[in-house]
Amino acid sequence: MHLPLPNSNESKTIHVIGRYPPPIDGQSLATQNLADLLQNDYAVKRFNMALADRVLLPSGLSGMRSTMSHYLGLKPKLKEQISDGCPVLWTSISAQSSGHWRDLLAILPSFKPTQAIVAVVHWGTFSKIFTHWRTASTARHLTRRLNRIVVLSQELANQVAEWIPEEKLTVIPNYVEALASKDQLATKRLQYSSSKALKVLFLGHMIREKGCYDLLRGIAIAVKKGVAVEAHFAGRWNNDSDEGHFYHELRGLGLAQYVTVHGPIDDRETVAELHRTAHVFALPSVLAHEAQPLAIMEALSAATPVITTKRPIFEALAGPEHGAFLVPSNNPEAIADGLQSLSNEHLWMKNSLAARKHYESAYSPESVRELWINLIQSL
């Protein structure tokens, strides 16, 4: 459904500020997606706040200083770009103590006093800035300045409802473009029926908290139970040491012949092809600040059943009725059970159909765009 603009034929300007690719991670990709989603309805002006080539910000005191220096350096440019007073969608508001002070010192002063500001929260731990002694009072000050705060799920809204007035709090999920057409889905299902191995995909940051090691151990258990597996791991490591440790674990479990490691992939078509050919997407993450991983939405859009962690954040994203297997944290045995279940064609087909249906109703561009247009018009 195409919603009308506030004034018939006059294009309105919207600023979308935050981290844009490169590098690609969930938040930078979500920011780019939001700007793309609105560009047919508004004159979208983008402002990139990313540190060059960094997915993770540097740690320690020196890292905090360099990060703050970077954002303070951006302040005059940001202030100039948004000086027209048009509404701002701010997608990089932080849930961390250091990032919160960066927001207060470098971002908040750039806004004009009467400018409409919509903050988009991409953190599953945003509630902590309202309870930590260093940020509790200033977090309330920040909330008073914002016109709206958008969170990605009702679960995240419930976590912050105590501190954010109901009229300011809005739930709008992320979205992704469908990675598979109906013809490609038909091909995928035929390929599953004729395949000799269950194709498992992990796509994410290659750190322990994201569950890549738990998945490796789950695959090893499934193989011992007689499940034929072909696994693909794609994503960035923090450093060379982490990469070496992953390969050591891979060899120690005797999985070299079952696993292909792709490393970081920036080409989106390659990512799409991995999703289209995967039979199972697995992300058994225990990462504390996880909010709404786009990779799970991409899997749903490709009609791929998902194995993920039984946590409220993920349950809000996709449940058993949506083609998702929810497993306890740090539980390779449960992951193996999920893989074994999805090696059954009837069960796999049922979950594949449910996954795509859930994507179309909840995370497609059409459904999410309508929510954003309604919010912007309400400003």
List the pairs whose first member sits in the range 118-144 and is within 21 Å of GLN154 (Cα to Cα) and touching a residue at least 40 places away in the same chain (Cβ under 8 Å), whose second member is among the β-branched types (Val, Ile, Thr) and open to solvent by 20 Å² or more (accessible area, probe 1.4 Å), and whose Cβ atoms are under 7 Å apart, counting only residues at least 6 apart or on separate chains? none
Between GLY252, GLY244, GLY211, GLY218, which is at negative phi and open to solvent by less than 30 Å² (accessible area, probe 1.4 Å)? GLY218
The helices (runs of 4 or more DSSP H) lying wholly within the range 272-368 that contain at least 2 residues that are small (Gly, Ala, Ser) and crowded, with 19+ Cβ neighbours inside 10 Å are 294-301, 332-341, 345-362
Could you tell me which residue of the range 1-22 is most open to solvent (accessible area, probe 1.4 Å), considering only residues that are at pLDDT 50 or above and of a type in the set (D, E, K, R)? LYS12
Name the single residue, out of those in the range 122-155 being aliphatic (A, V, I, L, M) and open to solvent by less than 10 Å² (accessible area, probe 1.4 Å), that is nearest to the chain's Cα centre (by Cα). LEU152
Could you tell me whether any residue of the range 53-63 is at pLDDT 65 or above and open to solvent by 20 Å² or more (accessible area, probe 1.4 Å)? no
Tally time: how many residues in the range 224-259 are hydroxyl-bearing (Ser, Thr, Tyr) and touching a Ser or Thr at 6+ places or on another chain (Cβ under 9 Å)? 0
Residue list for the range 221-241, restricted to those being in a strand (DSSP E or B) and open to solvent by less than 40 Å² (accessible area, probe 1.4 Å): VAL229, ALA231, HIS232, PHE233, ALA234
Check the range 95-114 and report whether any residue there is in contact with a Pro (Cβ under 9 Å, 6 or more places away or on another chain), of a type in the set (D, E, K, R) and under 29 Å from ALA316 (Cα atoms). no
GLU177: under 24 Å from LEU38 (Cβ atoms), open to solvent by 40 Å² or more (accessible area, probe 1.4 Å), within 17 Å of the chain's Cα centre (by Cα) and touching a residue at least 24 places away in the same chain (Cβ under 8 Å), yes or no? yes
Going through the range 37-52 one residue at a time, which ones are open to solvent by 60 Å² or more (accessible area, probe 1.4 Å) and modelled with pLDDT of 65 or more? GLN39, ASN40, LYS45, ARG46, ASN48
When every residue in the range 233-287 that is closer than 28 Å to ASN351 by Cβ and among the basic types (Lys, Arg) is compared, the one modelled with the highest pLDDT is ARG276
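Yes/no matrix, rows are residues, columns are (1) small (Gly, Ala, Ser); (2) at positive phi; (3) at pLDDT below 95:
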site: PRO332; (1), (2), (3): no, no, no
site: ASN344; (1), (2), (3): no, no, no
site: ASN351; (1), (2), (3): no, no, no
site: ALA354; (1), (2), (3): yes, no, no
site: GLU360; (1), (2), (3): no, no, yes
site: SER364; (1), (2), (3): yes, no, yes
site: TRP372; (1), (2), (3): no, no, no
site: SER378; (1), (2), (3): yes, no, yes
Report the residue count in the range 147-164 for those that are among the charged types (D, E, K, R) and closer than 14 Å to LYS128 by Cβ. 1
With respect to SER329, determine if the residue is in contact (Cβ under 8 Å) with a residue 12 or more places away in the chain, among the hydroxyl-bearing types (Ser, Thr, Tyr) and over 22 Å from ALA222 (Cβ atoms). no
Given GLN191, GLN159, GLN184, which one is open to solvent by 20 Å² or more (accessible area, probe 1.4 Å), in contact with a helix residue (DSSP H, G or I) (Cβ under 6 Å, 6 or more places away or on another chain) and closer than 22 Å to ALA355 by Cβ? GLN184
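Here's the yes/no breakdown for (1) farther than 22 Å from THR309 by Cβ; (2) basic (Lys, Arg); (3) touching a Phe, Trp or Tyr at 6+ places or on another chain (Cβ under 8 Å):
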residue: GLN184; (1), (2), (3): yes, no, no
residue: LYS188; (1), (2), (3): yes, yes, no
residue: SER193; (1), (2), (3): yes, no, no
residue: LYS196; (1), (2), (3): yes, yes, no
residue: PHE202; (1), (2), (3): no, no, yes
residue: GLU209; (1), (2), (3): no, no, no
residue: TYR213; (1), (2), (3): no, no, yes
residue: ARG217; (1), (2), (3): no, yes, no
residue: ALA220; (1), (2), (3): no, no, no
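The values are calculated or read from the model by the stated rules, or taken from the named source; none is laboratory data. All values derive from a computational prediction rather than experimental measurement. Cβ atoms come from the backbone with ideal geometry, glycine included; neighbour counts cover every protein chain shown. To get the accessible areas, we keep the full protein, side chains included, count just its heavy atoms, and leave off ligands, DNA and RNA. Shrake-Rupley method; radii C 1.70, N 1.55, O 1.52, S 1.80 Å.
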